[in-house]
Each structure stands twice: as structure tokens, then as C-alpha cells.
1. Scan L84, L75 and give me the residue that is touching a His at 6+ places or on another chain (Cβ under 9 Å) and not aromatic (F, W, Y).
2. Please state which one of E69, E106, E64, E76 is acidic (D, E) and at pLDDT below 95.
3. Please go through region 98-134 and pick out each residue that is part of a helix (DSSP H, G or I) and under 20 Å from P77 (Cα atoms).
4. Would you mind telling me which numbered condition in (1) open to solvent by less than 30 Å² (accessible area, probe 1.4 Å); (2) touching a residue at least 40 places away in the same chain (Cβ under 8 Å); (3) in a helix (DSSP H, G or I) L75 fails?
5. Looking at E23, E64, which is the one that is in contact (Cβ under 8 Å) with a residue 40 or more places away in the chain, assigned to a loop (DSSP other than H, G, I, E, B), among the charged types (D, E, K, R) and closer than 18 Å to G117 by Cα?
6. Select from region 52-69 the residues that are of a type in the set (A, V, I, L, M) and either under 18 Å from E33 (Cβ atoms) or open to solvent by less than 20 Å² (accessible area, probe 1.4 Å) (or both) and list them in ascending order.
7. Scan region 35-50 for residues that are surrounded by 18 or more Cβ atoms within 10 Å (Cβ to Cβ), free of Cβ contacts under 8 Å to residues at least 60 places away in the same chain and under 13 Å from the mean Cα position of the chain (by Cα) and jot them down.
8. Contact list please: Cβ distance under 7 Å, first residue in region 94-112 and under 16 Å from E69 (Cβ atoms), second residue outside any helix (DSSP H, G or I) and of a type in the set (V, I, T), pairs at least six apart or on different chains.
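The values are calculated or read from the model by the stated rules, or taken from the named source; none is laboratory data. Predicted model only: the values in this text are computed from it and were never measured. FYI the Cβ positions are ideal-geometry reconstructions off the backbone, even for glycines, and counts take in every protein chain you see. Just the protein is used for accessible areas: all its heavy atoms, side chains included, with ligands, DNA and RNA removed. Shrake-Rupley method; radii C 1.70, N 1.55, O 1.52, S 1.80 Å.
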Amino acid sequence: MNAAVVYWSGTGNTEAMAQAVAEGIQAAGGTAEVCEVGQTDADTISKFDKIALGCPSMGAEQLEDSEMEPFVEELEPMISGKQLLLFGSYGWGDGEWMRDWCQRMEEAGAHLICEEGVIANETPDDAALEECRAAGKELITASV
């Protein structure tokens, strides 16, 4: 089973989380195709049944707006029926951006793994990385 892991990371925190998600996918017997959002497109990613998207909180608790938000907008109409994991890091606030993102993707018809996404405050610690690995395992083994 293959899964796409697509992320945007400004400081490396969300990239570390993406790598941990991929480790979980691989530990469960799947194959993870990991890429930065600028290196792929929504049409390519929409071909996967299992997708993990990662983005940190930016500005007033929102997705990064130059690459990730346009990608998500393009992917949104193609996400219905897909298994989806959302993850990211934040430095302020309380995770509102992730709750909003989860709701948005559920309304688009995605089947969310981890209803509220996986978030880490600042640099993900060992517990946050283990949560990412566990979520990656769940993504690859979940059935629709």
C-alpha cells in the first residue's frame, strides 16, 4: 500500500514530522512517497488513496499561503473518499489552524485519521514524533 506524504516546512519542524509519518507507514508495511509541496501537484497526489499533509501554523493560525494553501485548494475537490492524515507544528495559539483544516477536509469528504490532526508545539519532541509514527501506521492500515 502506498501513501503520499506532502508537506511545507519553514524551519524543519514539519519536515521532521513528515519523516516520522513516513517511518510509521513503512513500519506498517507500506511505502511512503515523501515530497515537499512545491515538488508535486494535486493531480499526482489525488491518485493516492492514502494521503498525509503537513503544514505549520502561519500568521493568524492559517496554512502557509504561497504554496500549501493553493495546493490544498486544488486538491480539495479531489479528496472525497480518501484516507487523510493532517499534521504540523505551531509556535503560538492553540491549534485552531489544525481544527479548521480538519473540518475543511472532512467537509470535502475525506476520511480523517486522527480527527484533530497531529500537532507539535515548536520542535517536535520524542512524544510528538512517536505520535506521528503511530498516525502513519494508522493511515496505512485504516480501511475506508
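1. L84
2. E64
3. The answer is M98, R99, D100, W101, C102, Q103, R104, M105, E106, E107.
4. Condition (2) is where L75 drops out.
5. E64
6. A52, L53, L63, M68
7. Result: V37, I45.
8. Every condition considered, the pairs that remain are M98/I119; M105/I79; A108/I79.
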